[in-house]
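Comments concern the structure below.
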Amino acid sequence: MREKKRNGLSRALRIFYGVGDCGYTLTTNVESYFFSFFLTNMAQYSMATISVITTVTSVVCAILVGVAGGIINSSKPMRWGRYRSWLVVIPWLIPLIYPFQFVKIGDGVVSGLIIMAAAIISHTLWQFPYVASISMISVAGKTQEERAQLSSTRAMWNSFSKVIFSLVGVPLAGVFASILGTKNQYAGVAFCLGLAMVIGYYIHFRMFEGYEEKEDTLQNQKAPAKEKTSLKDLAVSLVQNPSLVALLIACIAPYVYVFVTSGIAIYYFDYVVEHSEMLSPYIMVSSFVSILGSYLCKKLVKAITARRTFLLALVFMAACSGIAFLRYEHMYEVIVFMSLVQLGFGVVIASQPMLYSDVIIYNQWKTGKNAAGWITGLQMVPLNVGIVSRGLIISACLAVASFDPNMVMDVIPTELKTGICVAFMVIPGAVLLVGALIFAFGFRLKKEMVEQYQAEINARQ
């Protein structure tokens, strides 16, 4: 049966696009908030071993970051279309593999290798639905307004995932601690939330029915020349698209912020203010504020363009991080200012896909090829750099501060508190400021230019 061709955004997409990425973020939040803590306090590896595990894993994942976009864009379209098919063929594998990232089997080298293998495989697998889902924004959204609607809705669901995580993910850890033991509690959470990713992307798969061009013979065809891309095409895209390079580098900053602060937050509440019970409320409050940022993004973009919105959000985030550090001993003030950083993060995540859509349009105008899959897949580069930074920054700061999970003391040393806060606020804030400067001087595409390029592309077809 042929699918009915759809034009314009459906009510379901306007409201629920992003539930798949909500499941994705729920799944990755297990790693973001608990992986470093699992390695130090539960698996109790040495800081040197932890650095090897996190660095090797992150570097390999970063090297493999372009795999999904390249395969999606250059392989034969499958039964349900070039992009939409990947929303169902891969995700079900993730909850079967991902939990092994949070299990320590024995005390030898093999245990570390299992953790690294599980991390690398699961990271590579979840690239496919993630890239496919974002690529569908340009497929379903025919105008800048429609793409902005989808990007904003997606960002709101993405932010809402952390609220769900604070309500479900954190309590689940306690439940599985009593069932599987404290050393394996996060493996159980990883499995359950991995299932949420599977369900979420299946919902995306159903919602996008009828939007992607699909013919009866499509699965037996190779990608048309104008769509098929290679490593050479990617290199050309980077060389001839300086705004893409600037955007990629600038997007590293918010991901460094979100991964490092997420990973170190549990240490802040445990060791700096000694209120571990406040981790869940902090996640919930900051997540609600992030949802507000995602909602405001659409209004800001309409008023001052996506480019200016993204830039101002980065500067705002950096400023709030700096203020939070100056008041790091005052827990509630820190929660307020770090939540305001999340407000900016919600804006950044919502505006980011619009900027990538702009560079995709420019690339097609410049090269004559539609490299949407490649360029969309490149969004995983900043994300993976952020993951790499989490392991390096947190491990380095804890090592410099002489952190020991087995320490018994009445008073937490000031140097340990300072080291944790440097990782929590100072380094992410400095990176955000650098990202803002790179974006300000490197991203040159303006709204009027993009509209002109799109008009010329339409005229060619």
Task: Cα-centred dipole magnitude for the chain, charges only on beta-carbon of K, R (+1) and D, E (-1), debye, nearest 20 - done: 1940
- [ ] Please arrange Ile115, Ile427, Ile323 by accessible surface area, largest first, computed with a 1.4 Å probe and ligands excluded.
- [x] Ile323, Ile427, Ile115
Task: Helix 19-37 vs. the chain, principal-axis angle (Cα, 0 to 90°, nearest 10) - done: 30
Task: Whether segment 294-380 is rounded, prolate or oblate, judged on the alpha carbon gyration tensor where a/c under 1.5 counts as rounded - done: prolate
Open item on the list: As a test of the definition: which semi-axes, in Å, follow for the chain when you take the square root of five times each eigenvalue of its alpha carbon gyration tensor? Largest first, please.
Closed with: 37, 25, 20
Open item on the list: When a/c reaches 1.5 or more, the comparison of a/b and b/c decides; with that in mind, is segment 229-343 rounded, prolate or oblate per its Cα gyration tensor?
Closed with: prolate
- [ ] For His275 and Thr55, compute 0.36 nm times the residue count separating them, minus their Cα-Cα distance, and round to one decimal in nm.
- [x] 76.2 nm
TODO: Could you tell me the accessible area of Thr57 in Å² (1.4 Å probe, neighbours in place), rounded to the nearest ten?
DONE: 10
TODO: Please give the per residue volume of the convex hull enclosing the alpha carbon atoms of segment 1-127, rounded to a whole number of Å³.
DONE: 131
- [ ] For Trp86, Trp126, Trp157, give the ranking by accessible area with the largest first, probe 1.4 Å.
- [x] Trp157, Trp86, Trp126
Task: Accessible area, probe 1.4 Å, largest first, for residues Glu31, Glu146 - done: Glu146, Glu31
- [ ] Could you work out how far the C-alpha centroid of segment 435-452 sits from that of segment 345-361, in angstrom?
- [x] 11
TODO: Find the relative contact order for segment 355-436 and round it to a whole percent, using C-alpha pairs within less than 8 Å whose residues are 6+ positions apart.
DONE: 21
Open item on the list: Taking the Cα centroid of segment 170-199 and of segment 241-267, what is the distance between the two, rounded to the nearest whole Å?
Closed with: 27
Task: Lys142 accessible area, assembled protein chains, probe 1.4 Å, Å² - done: 130
TODO: Return one quarter of the surface area of the convex hull spanned by the alpha-carbon atoms of segment 360-454, equal to its mean projected area, in nm².
DONE: 8.6
TODO: With an 8 Å cut-off on Cα pairs and a minimum separation of 6 or more residues, tell me the relative contact order of the chain in percent.
DONE: 26
- [ ] Roll a 1.4 Å probe over the protein heavy atoms and report the accessible area of Asp358 in Å², nearest 10.
- [x] 10
Task: Simple label model, 7 Å out from Cα along Cβ direction - Arg327 to Glu451, nm - done: 4.2
Open item on the list: Per DSSP helix of 4 or more residues, -39500 (n - 2.57); summed, then divided by the residues of the chain. What does that give at 222 nm, rounded to the nearest 500?
Closed with: -24000 deg cm²/dmol
- [ ] Only loop residues by DSSP count here, and only those with at most 11 other Cβ atoms within 10 Å; note down the trypsin sites (Lys or Arg not before Pro) in segment 385-461 that meet that.
- [x] Arg444
Task: Farthest positive-ward along the chain dipole, Cα basis, beta-carbon charges - from Ser178, Pro99, Ser133 - done: Ser133
TODO: Compute the convex hull volume of the Cα atoms of segment 98-170, divide it by the residue count, and report the result per residue in Å³ as a whole number.
DONE: 90
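The values are calculated or read from the model by the stated rules, or taken from the named source; none is laboratory data. On a predicted model such as this, the values are computed, not experimentally measured, just so you know. Cβ sites come from the backbone with ideal geometry, for glycine too, and all protein chains shown count toward neighbours. Ligands, DNA and RNA are stripped out before the accessible areas are found, and what is left, the full protein with its side chains, is counted by its heavy atoms. Shrake-Rupley method; radii C 1.70, N 1.55, O 1.52, S 1.80 Å.
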